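Novice: Okay, here's the structure, questions in a sec.
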Amino acid sequence: MPDGNTGIGAAVKRKEDRRFLTGKGRFTDDINRPNQTFAYFLRSSVAHANIKGLDTSAALTAEGVVALYTNGDMEGVGGVPCGWGLTFQNGDPMVEPVHPILAAGKVRHVGDPIAVVIAETKKQAKAAAALIKIDLEDLPAVVNMTNAVEGGTLVHEEAANNICYDWAIGDKDEVDKVFDGADHVTSIDIINNRLIPNAIEPRVAIGDYDAVSQKYTLYTTTQSPHVIRLLMGAFVLQIPEHKLRVVAPDVGGGFGSKTFHYAEEAMVTWAAGQLGRPVKWTAERSESFVSDAHGRDHVTTAELALSKDGKFLALREKTYANMGAYLSTFGPAIPTYLHSTLMAGVYTTPLIYSNIIAVFTNTVAVDAYRGAGRPEAAYTLERLVDRAARELGIDQVEIRRKNFIPPDAFPYQTPVALEYDSGDYEATLASALKGAEVDGFE
């Protein structure tokens, strides 16, 4: 029942529908600032290469070009930071390579930005970018995590075997003892394939600068304006928060991929200050595929120890999680604190051990997308339970009922950090079975 004093539990009437249904939404690309310029990013067409040379002379003199920047022009600008730190099992900090706004000497994935052209129109900026001559020395690329950790070419010299971190939760020795004495062990290998978010609205960023107040404004398609203001202001551009405003208009789909701070946001903000004019960038659809953070990309081996009557005794998993070429804002947290802590699911499994190995590859960065680590955990766990039921000859519904956390056990402390406050999983399952009309279905 709704709380009459706080409003908690009460239905909240939507107030945005009218403007959306009548075409009056205001998205970032609908915004245009006075005296605005347009940015176009020249991106790498290869996954891994040394940048041996850049000839920008023709582009600089092309019609409408206002400015052209490469990494060498951005002295004092920081790299895109990761917002979540982790450690190896021995306590050493994870490897966090610098993520430059524009590629510094090397490109590490298809879509890695090399230069940005700013012109009076987007068409002029794009045409000028095509005039830039790039001398690339191709390098072997690693896109498969197994190859990456088994002697593959290093994406970053400081990351031995391309490992960002090797992290774990749970007592491995205790879990192994239970497995050694279990009546039955079920195992499964799972690939949670990489996904591209592909929101209806591509990302857009407009940087603006007021020379009188010395204040910056960034209009951007984001789910997290405060996160961007913190990270970009403090770590990338060194702008005090009271001098930086981040505006998030209507957002045409995000699904997690518009949560993070992206290089393009910092680039247009910095360039606006350099030029004293607003700078607007709108992603093209194909560009979004190689610049927006991707999702999933886990390779997992999971095992479940059971008694002969189907009671769960212990669970262990080893997951290789693809980070891509650089660490996105929350990338390290997704396969660990948002995945491993969900491996208990809705069951009373007494002991769980989850080992996560994060891997750098020559691919686009991976971060939160539609549930962010938790769907991967649920998918792995439920597939494992299904297989265990088949191997033991137990009905797939009954094996779940046997292992559900009972309603009177809440609050319930799982073996992987989380405490659940409430739940009635039997009632939920019964409702699902009824709705699906399972009885009589073969």
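The values are calculated or read from the model by the stated rules, or taken from the named source; none is laboratory data. Since we're looking at a predicted model, the values are computed, not measured. Virtual Cβ from ideal backbone geometry, glycine too; neighbours counted across all protein chains shown.
Novice: Is it true that some residue in segment 228-244 is part of a strand (DSSP E or B), over 28 Å from T87 (Cα atoms) and within 27 Å of the chain's Cα centre (by Cα)?
Specialist: Residues of segment 228-244 part of a strand (DSSP E or B): 244.
Subsequent filtering for residues that are over 28 Å from T87 (Cα atoms) retains 244.
This time we only want the ones that are within 27 Å of the chain's Cα centre (by Cα), so: 244.
Checking segment 228-244: at least one residue is part of a strand (DSSP E or B), over 28 Å from T87 (Cα atoms) and within 27 Å of the chain's Cα centre (by Cα).
A quick yes/no check of all residues on (1) part of a helix (DSSP H, G or I); (2) acidic (D, E); (3) over 28 Å from the mean Cα position of the chain (by Cα):
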site	(1), (2), (3)
Y337	no, no, no
I357	no, no, no
R383	yes, no, no
I394	no, no, yes
I399	yes, no, yes
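Novice: Go through segment 245-279 and give me each residue that's part of a loop (DSSP other than H, G, I, E, B), farther than 25 Å from A365 by Cα and out of contact with any helix residue (DSSP H, G or I) (no Cβ under 8 Å at 6 or more places or on another chain).
Specialist: G276, R277
Novice: Taking the conditions exactly as written (within 20 Å of the chain's Cα centre (by Cα), surrounded by fewer than 22 Cβ atoms within 10 Å (Cβ to Cβ) and modelled with pLDDT of 95 or more), does A283 satisfy them or not?
Specialist: Working: within 20 Å of the chain's Cα centre (by Cα): yes; surrounded by fewer than 22 Cβ atoms within 10 Å (Cβ to Cβ): yes; modelled with pLDDT of 95 or more: yes.
Criteria met by A283.
Novice: Quick test for you: out of T153, T221, pick the one residue that is under 22 Å from I334 (Cα atoms) and at pLDDT 95 or above. Spell out how you get there, then give the answer.
Specialist: On the way: T153 fails: under 22 Å from I334 (Cα atoms).
Just a single option satisfies the conditions, and that option is T221.
Novice: Against the condition closer than 30 Å to G276 by Cβ, crowded, with 18+ Cβ neighbours inside 10 Å, touching a Phe, Trp or Tyr at 6+ places or on another chain (Cβ under 8 Å) and of a type in the set (G, A, S), how does A103 come out, does it pass? First the steps, then the outcome.
Specialist: Details: closer than 30 Å to G276 by Cβ: yes; crowded, with 18+ Cβ neighbours inside 10 Å: yes; touching a Phe, Trp or Tyr at 6+ places or on another chain (Cβ under 8 Å): no; of a type in the set (G, A, S): yes.
The answer is no for A103.
Novice: Taking the criterion of being at pLDDT 95 or above, part of a strand (DSSP E or B) and farther than 28 Å from A160 by Cβ, would at least one residue in segment 77-89 satisfy it?
Specialist: No, because not a single residue in segment 77-89 is at pLDDT 95 or above, part of a strand (DSSP E or B) and farther than 28 Å from A160 by Cβ.
Novice: What are the residue pairs meeting all of these: first residue in segment 6-20, first residue under 13 Å from D250 (Cα atoms) and in a loop (DSSP other than H, G, I, E, B), second residue of a type outside the set (S, T, Y) and modelled with pLDDT of 85 or more, Cβ atoms under 9 Å, and 6 or more apart or on different chains?
Specialist: That search, which allows pairs on different chains as well, returns E16/G25; E16/D250.
Novice: Could you list, in sequence order, the residues of segment 84-108 that are over 21 Å from M74 (Cα atoms) and not acidic (D, E)? It would help to see each step written out before you state the result.
Specialist: Of the residues in segment 84-108, the ones over 21 Å from M74 (Cα atoms) are 84-95.
Answer for segment 84-108, where residues must be over 21 Å from M74 (Cα atoms) and not acidic (D, E): W84, G85, L86, T87, F88, Q89, N90, G91, P93, M94, V95.
Novice: Just to check your reading of the model, which residue among D55, D30, D73 is on the phi < 0 side of the Ramachandran plot, of a type outside the set (F, W, Y) and in contact with a strand residue (DSSP E or B) (Cβ under 6 Å, 6 or more places away or on another chain)? First the steps, then the outcome.
Specialist: Values: D30 fails: in contact with a strand residue (DSSP E or B) (Cβ under 6 Å, 6 or more places away or on another chain); D73 fails: in contact with a strand residue (DSSP E or B) (Cβ under 6 Å, 6 or more places away or on another chain).
Answer to the selection: D55.
Novice: Across segment 141-196, which residue is nearest to V299 (Cα to Cα) among those that are in contact with a Lys or Arg (Cβ under 7 Å, 6 or more places away or on another chain) and of a type outside the set (A, V, I, L, M, F, W, C)?
Specialist: Ranking the candidates gives N192 first.
Novice: Could you please find all residues in segment 208-233 being hydrophobic (A, V, I, L, M, F, W, C) and in contact with a helix residue (DSSP H, G or I) (Cβ under 8 Å, 6 or more places away or on another chain)?
Specialist: Taking segment 208-233 and keeping what is hydrophobic (A, V, I, L, M, F, W, C), we get 211-212, 218, 227-228, 230-232.
Once the filter is applied, which keeps residues that are hydrophobic (A, V, I, L, M, F, W, C) and in contact with a helix residue (DSSP H, G or I) (Cβ under 8 Å, 6 or more places away or on another chain), segment 208-233 yields L218, I228, L230, M232.
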